[in-house]
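Asks: Below you'll find the structure I mean.
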Amino acid sequence: MRTTRMRSFSGDALARIAFPIGGIGAGCVSLSGRGALIDFEWWNRPGKGYVLPCTFFAVAARPSGGRGPARARVLAAPMRPPYDAGGFGLPREQGQGLPHFQRAVFRGEYPFATVRLSDPRFPVSVELEAWNPLIPLDADESGLPLAILRYRLRNRTSRRLDVSVVGSLFNAVGLDGQAVPFRRAHGSLGGNRNEYVRGPGKLVGLHLTRGSTEVPSTPDGSIFLGVVDATNPTVQTRWPRTSWFDDLQLFWDGLVATGRLSGEIDETPSPPARSDPGSIGDTVPLPAGASRDVVFLLAWYFPDFENSWNLEEPRVARKPLRAWYATRFDSALAVANHASEHLPHLEQATRHFHAAFFGQTLPTEALDAASSQISTLRTPTCLRLDTGSFHAFEGCFDHVGCCPMDCTHVWNYAQALPHLWPSLERTLRVTGLQANLFEDGRQAFRSLLPLREGARFDRKPSADGQMGEIIKLYREWRISGNTPWMEKLWPDAKRALEYAFVQWDTDRDGVMDGEQHVTYDIEFYGPNPLSGTIYLAALRAGAGMAAGVGDVESARRYTALADQGARRLDELCWNGAYYVQRIPSSDEIRTDSHRTGSLGGSLDGIAPGEPPRYQIGEGCLSDQLLGEWMARCAGLERVLPRRRVMRALRSIFRHNFRRGFHEHPNAQRIYATGDESGLVLCSWPHGGRPTLPFPYSDEVWTGIEYHVAAHLMWEGDVREGLEIVRAARNRYDGRKRNPWDEVECGHHYARAMSSWSILHALSGFSWDGVEKRLAFAPRVQPTRFRGLFTAGTAWGTFEQTRRGQRLAVTLRVLGGCLDLQCIGLEWPGPRGSARLEVRHGPEGVGLQRRGRSLEIQFPAQVTLGEGRSFSLTVEPSTHLSRRKRSRS
């Protein structure tokens, strides 16, 4: 399958690249644009800028049979200015002062990163491919604490060479991902042991551990670095225990002198407060012009940690937690053995996903936005505990997680997890609707871990977060098709939904008008489109689930209230071009707050009769249709009239999209500047901007840009949607920002995973596991279209070819098992064309047409297992008059 080749980076565009490599909730290490390993985040916490001393890869080459010195290079390009030099010069302990390759070109197609290293003075060119297994629907194999590094060597000379690729790694067991050893010494080290081991097949490596220690409070664990299918392994279990700079000097001189490591195997533990680096590699013969791969496994095992982020809450502060991968493995060596034994399957499945994803006939910027943000799930933003539950911060600061934990109003936007690993997303619904639900129906919008302590985040509820939880439960039900699972959660979801009648919609007119805590970390008062549309979507979702469990009366009430609320929101908030907020006076708010028992800081110091601060008012809010977008993502019907939605979306684009920020005053956080383009959160095109509008109103958030872009595309404005996506990704160009780290309140921010919805908007993809219905309606390249589908229990590809009034489709299952009852397509011909028939499908296929929408019903459920495909053709019956037909 031909795949879309993504953008590459070189020169100054390498500066900010840090490509995360790791598993879901398992920590990661990042690959820099130069090809070096940086940001070692193995200890269940962020570690931006954290590197291990004496940890790098190198290559040495010399003519076969030769006895002279080898030529050697660190397997990375040199540092580029400006240099972050301290008082002792540039950093040196990762071999920065040694010879490097002259040039690097980086390309990232998540989960694969490729770095091409070249140097006209060196006889071998090298391409590094780094990755971690990513298999849709398989959270376990996508959650390995592991990085796989493949170095592809090519002999550029006319002579046969012997080439050694060696990796050096510091034994960091005892460190916590924050402490920085000085010349390999730190008080938390000591008793560290580097053991030479052989695993399954030809796996050889170093298992780095720590024995008895006088510092028991420091993290225990292990690390592994080894070579898969080693042909002529070379080893040095530890570097010389010397002073000054001798260890690095002796290591490098030895490698150059012989082209190999010393062969010394010394497994004696390190002295107190010290540890050792060790090296492992493989030497391969390389004929003239030939290529050869050397594959390394880098595994880590630090599963035990504690709740260090809720120190104000004694019920959970410092309570122990454990990572999921500890339920499968007992050491880094066990991780590496598993990966080595199953590497063919792990690699094949991951490459299938890569080919399916980047083989889609979608615009490059759309693939870039969606794929890059998957990486957030495999950074310290996300945790997976030994209970099996998934949890997440909003993002990561440099050394601690940001805004713990499971924030409902931020994770409303994230769409990648429920489609790629729906079983993990379902654990968030259980947490939110059971562990975090108070008796009165109020939901804690953050989690306190461990959940078994029974502690809840006891603050005012989040209106958008709590209503979003209802929509997401509906989404998980329709993706999984698991009605009994939804039915167990329905009583709690019903309480959470009807809490709105007590707190936010006391007059039950379908419009929220009480105090509403929202994702901007403030309270909105009065009718507004952000809370309003999410509430309407929650009512629609509640009606659908009530009907699904046989609660007919609740379904009727919620539907009627949603219908009434849509009309009422239109009356109150529609200004002819977009939806605005109707702000009550502070006197009205105080009266209402006495009744509901809540009062926000927006009224502090406000005189009677004056409006509260931090509101929207007459502003054009980019998030005003968030509930409508969430409804589309969940497979719900519209909550507002299409004409209103289209007009509002176009107003958002017209008023809030900036092509340049030179004239944009912003006293808030800065995410776009200068000549960059982007979508601001709010504008006041007709005046009326409050003296102090809501915080963040002048900012640019990619999570909001992507959902607005997707919504525009769903409604047919593909060009405008793609311009927003391009603007966001152009800001993350490697030179100014890291393309695999979109920030908001911290690195790897969860809201940006709204980018996954762009794929669905452009492909017209939807899946309903209850009805077993899969549909595509491509908005780009419909005559020859390829797309990825994920369908709860299966994933694969969809292909569509249009020739005149002939429509041919093929469905291929690449993983799991797909039960299918119906396919929805879009007919390319005129609405009034002749009767249609299906060829190459099962006998007795039913076909219904509404305008250009086609519904193909199978007489019996079609089941497709992994590796199976299914094809059919639809065309006017007159085209089949002389052919054998399968009539509908």
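Asks: If packing is taken as the average count of other Cβ atoms within 10 Å, what order do 261-271, 784-794 fall into, highest mean first?
Replies: 784-794, 261-271
Asks: Regarding region 40-140, what whole-number volume in Å³ per residue does the convex hull of its Cα atoms give?
Replies: Each residue corresponds to 178 Å³ of Cα convex hull volume.
Asks: Further question on the same structure: Roughly how many nanometres apart are two label points built 7 Å out from the Cα toward the Cβ at T242 and Q821?
Replies: Result: 7.4 nm between the two label points.
Asks: Also, I was wondering about something else. Quote to one decimal, in nm, the extra length available between A560 and D330 on full extension: 0.36 nm per residue of separation minus the C-alpha distance between them.
Replies: 77.3 nm
Asks: Taking N as the number of residues in region 186-326, what is its alpha-carbon radius of gyration divided by 2.2 N^0.38 Å?
Replies: 1.32
Asks: May I pose another question? Just report the Cα centroid separation between region 305-381 and region 774-811, whole Å.
Replies: Between the Cα centres of region 305-381 and region 774-811 lies a distance of 29 Å.
Asks: In whole Å, largest first, what are the principal axis extents of the Cα atoms in the chain?
Replies: 86, 83, 52
Asks: If you take the beta carbon distance between F182 and D220 as r and set R0 to 25 Å, what does 1/(1 + (r/R0)^6) give as a FRET efficiency, to the nearest 0.05?
Replies: Given R0 = 25 Å and the Cβ-Cβ separation, E is 0.65.
Asks: Answer rounded, prolate or oblate for region 349-435, using the Cα gyration tensor with square roots of eigenvalues a ≥ b ≥ c: rounded when a/c is under 1.5, else prolate when a/b is larger than b/c, else oblate.
Replies: prolate
Asks: Could you check the simple spin-label distance between R92 and I265, using points 7 Å along Cα→Cβ, in nm with one decimal?
Replies: Here the modelled spin labels are 3.4 nm apart.
Asks: Taking only pairs that are 8 or more places apart or on different chains, how many Lys pairs in the chain have Cα atoms under 20 angstrom apart?
Replies: 5
Asks: Averaged across orientations, what area in nm² does the convex hull of the alpha carbons in region 599-724 project?
Replies: Approximately 9.3 nm², given one-decimal rounding.
Asks: A further question follows. Across 5 Å bins from the origin, how do the percents of Cα pairs in region 684-762 run, short distances first?
Replies: 3, 15, 21, 20, 17, 14, 8, 2
Asks: For an R0 of 51 angstrom, estimate the FRET efficiency from the Cβ-Cβ distance between K736 and Q861 and round to the nearest 0.05.
Replies: In this case the efficiency is close to 0.50.
Asks: Kindly work out what percent of the DSSP beta bridges joining two residues of the chain are antiparallel, to the nearest 5.
Replies: 95
Asks: What residue among A77, P20, W43 has its Cα farthest toward the positive end of the dipole of region 5-92, where the charges are +1 on Lys, Arg and -1 on Asp, Glu, each on the Cβ?
Replies: Of the listed residues, the answer is A77.
Asks: Right, something else. In Å², what does the accessible area per residue of the chain work out to with a 1.4 Å probe?
Replies: Solvent-accessible surface per residue comes out at 36 Å².
Asks: If you fit an axis through the alpha-carbon atoms of helix 343-358 and take the longest principal axis of the Cα set of the chain, what angle between them do you get, 0 to 90°, nearest 10?
Replies: Orientation of helix 343-358: about 50 degrees from the principal axis.
Asks: Could I ask something else about it? Could you order peptides 621-629, 130-138 by the average number of other Cβ atoms within 10 Å of their residues, highest first?
Replies: Ranking the peptides 621-629, 130-138 by packing returns 621-629, 130-138.
Asks: Could you check how much of the accessible area of the chain is carbon and sulfur, as a whole percent, using a 1.4 Å probe?
Replies: 49
Asks: Moving on to the next point. Mind putting a number on the dipole of the chain about its Cα centre? Charges go on the C-beta only, +1 for Lys and Arg and -1 for Asp and Glu, and I need it in Debye to the nearest 20.
Replies: Using Cβ point charges on Lys, Arg, Asp and Glu, the chain gives about 3900 debye.
Asks: A further question follows. Starting at 0 and stepping by 10 Å, how many percent of the alpha carbon pairs of region 450-520 end up in each bin?
Replies: Each 10 Å bin holds this share of Cα pairs: 17, 41, 34, 8.
Asks: Okay, moving on. Can you find, among P739, M6, L161, the residue sitting farthest towards the positive end of the charge dipole of the chain, where Lys and Arg contribute +1 and Asp and Glu -1 at Cβ?
Replies: L161
The values are calculated or read from the model by the stated rules, or taken from the named source; none is laboratory data. None of the values given here were measured: they were computed from a predicted structure. Neighbour counts run over all protein chains shown; Cβ positions are idealised from the backbone, glycine included. Areas reflect the complete protein model, heavy atoms only, side chains present, ligands, DNA and RNA absent. Shrake-Rupley method; radii C 1.70, N 1.55, O 1.52, S 1.80 Å.
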